[in-house]
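Asker: To start, I am sharing the structure in question, which I have written as structure tokens.
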Amino acid sequence: IHRSLSFRERGMQKQTHPVARRLFDIMEQKQTNLCFSADVDNFAELLELADKIGQYICCIKTHVDIMEDFSAQNIKSLKELSVRHNFLIFEDRKFADIGNTVRSQYTGGIYKISDWCDITNAHSLPGPGIVSGLKSSLDDKSTRACLLIAEMSSQGNLADSKYKQSTVEMASEHGDFVIGFICTSKVSENPSHIHFTPGVKLINGVDGFGQKYLTPDEVIRRRGSDVIIVGRGITESANRIKTAKEFQEAGWMAYNRR
Ligand code: 5IU
């Protein structure tokens, strides 16, 4: 009889990247596979949310280029909260250029993403050079990792099954940096890979721009993903803290049922 490995067991695999191991450990310790997509435009709100719902999440996902008041000090405060509440920081940068350019975008400019984010992500479209480029800028590859975008949650996206398959192959060749995928269902049989799925709400639906929503149970139990990414499901709730807890419970229950 086939039993799928627990997050803890997957964290202990020899080939699991240290950042993925940290994430698997956090998930088991805090019993949460909720990644909060903090799509707000100011740090006062972001830091308050991170502090109040930090206990319910394994990871916070940022879009730094949305922030009106980005500063190294504000990032430092987020980092402190991530230590206090034990969650990882994932900058949803979606790199998509040639290796030489993404290398500068990752390390340079105003944001200096590689200085502070545990996890970032990249499109596989440009080919493996994008991964090599990002990776080449790191002194210590054990503290930074990347997810490849194998599938998107939006209607009409162009990532077909061949694209997805090639993305998984690309990830497998860069296990020292790529720890998993953004996807709408499990794409890799490698237990070291982590699957993150956006487009999650407590009921199915769509937004006005083609974003498709599935429930935590559909995504985690039926489709075999690992982490739910939730933005507006929480930020647009009248009681964000209580709702975050509901997503944590729904996600964890779906994991335990599969
Ligand atoms: N996001 C998606 N779909 C994708 C990818 C990223 O929704 O395929 I790649 C991001 C966009 C947004 C968050 O920051 O995940 C989802 O937010 P909502 O839960 O508010 O739809």
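Here, each number is a calculation from the coordinates, and none is a lab measurement. Since the model is a prediction, treat every value here as computed from it, not as a measurement. Cβ sites come from the backbone with ideal geometry, for glycine too, and all protein chains shown count toward neighbours.
Asker: If amide hydrogens are placed 1.01 Å from N in the peptide plane, which non-local residues have theirs closer than 5 Å to the one on ALA159?
Answerer: MET152
Asker: 5 Å is the cut-off here: which amide hydrogens, built 1.01 Å from N in the peptide plane, fall below it relative to LEU88, excluding neighbours closer than 5 in sequence?
Answerer: Answer set, sorted by chain and number: CYS59, ILE60.
Asker: Within straight cross-link reach of LYS212, meaning Cα distance under 21 Å, which lysines are found once same-chain residues fewer than 8 apart are removed?
Answerer: LYS61, LYS94, LYS164, LYS186, LYS201
Asker: Can you tell me which of LEU23, LEU202, LEU34 moves the most in a GNM of the chain? Springs connect C-alpha atoms under 10 Å apart.
Answerer: LEU202
Asker: Below 8 Å, C-alpha to C-alpha, sequence gap of six or more: please give me the relative contact order for the range 1-59 in percent.
Answerer: About 33 percent, as a whole number.
Asker: Kindly write out, for the range 204-221 in residue order, the coupling ³J(HN,Hα) from the Karplus curve 6.51 cos²θ - 1.76 cosθ + 1.60 (θ = phi - 60°), rounded to whole Hz, with x marking Gly and Pro.
Answerer: Ordered by residue, 3J(HN,Hα) equals 4, x, 9, 9, x, 10, x, 5, 9, 10, 10, 8, x, 5, 4, 6, 8, 7 Hz.
Asker: Can you list residues from other chains, or at least 5 along the same chain, whose modelled amide H is less than 5 Å from the amide H of PHE95?
Answerer: Amide H neighbours of PHE95, under 5 Å, 5+ apart: ASN121, ALA122, HIS123.
Asker: Under a Cβ-only charge scheme (Lys and Arg +1, Asp and Glu -1), can you give me the dipole magnitude of the chain about the Cα centre, in debye to the nearest 20?
Answerer: That gives a dipole near 820 debye.
Asker: At most 16 other Cβ atoms within 10 Å plus a DSSP loop assignment makes a site exposed; report the longest stretch of the chain without any exposed GluC sites (Glu not before Pro).
Answerer: Longest run free of exposed loop sites: 69-172.
Asker: Hey, what do the phi angles of the range 154-167 turn into as Karplus ³J(HN,Hα) couplings, whole Hz, using 6.51/-1.76/1.60 and θ = phi - 60°, x for Gly and Pro?
Answerer: So the J values, rounded to whole Hz, are 8, 4, x, 5, 9, 7, 8, 5, 5, 4, 4, 4, 5, 5.
Asker: With springs connecting C-alpha atoms under 10 Å apart, model the chain as a Gaussian network and identify which of ILE130, ILE203, ILE53 has the largest mean-square fluctuation.
Answerer: Taking springs between Cα atoms under 10 Å, the residue moving most is ILE203.
Asker: Let me ask another. Karplus couplings for the range 130-135 from phi (6.51 cos²θ - 1.76 cosθ + 1.60, θ = phi - 60°), rounded to Hz, Gly and Pro as x?
Answerer: With coefficients 6.51, -1.76 and 1.60, one gets 5, 6, 4, x, 4, 4 Hz.
Asker: GNM, the chain, Cα, under 10 Å: largest mean-square fluctuation among THR120, THR143, THR32?
Answerer: THR143
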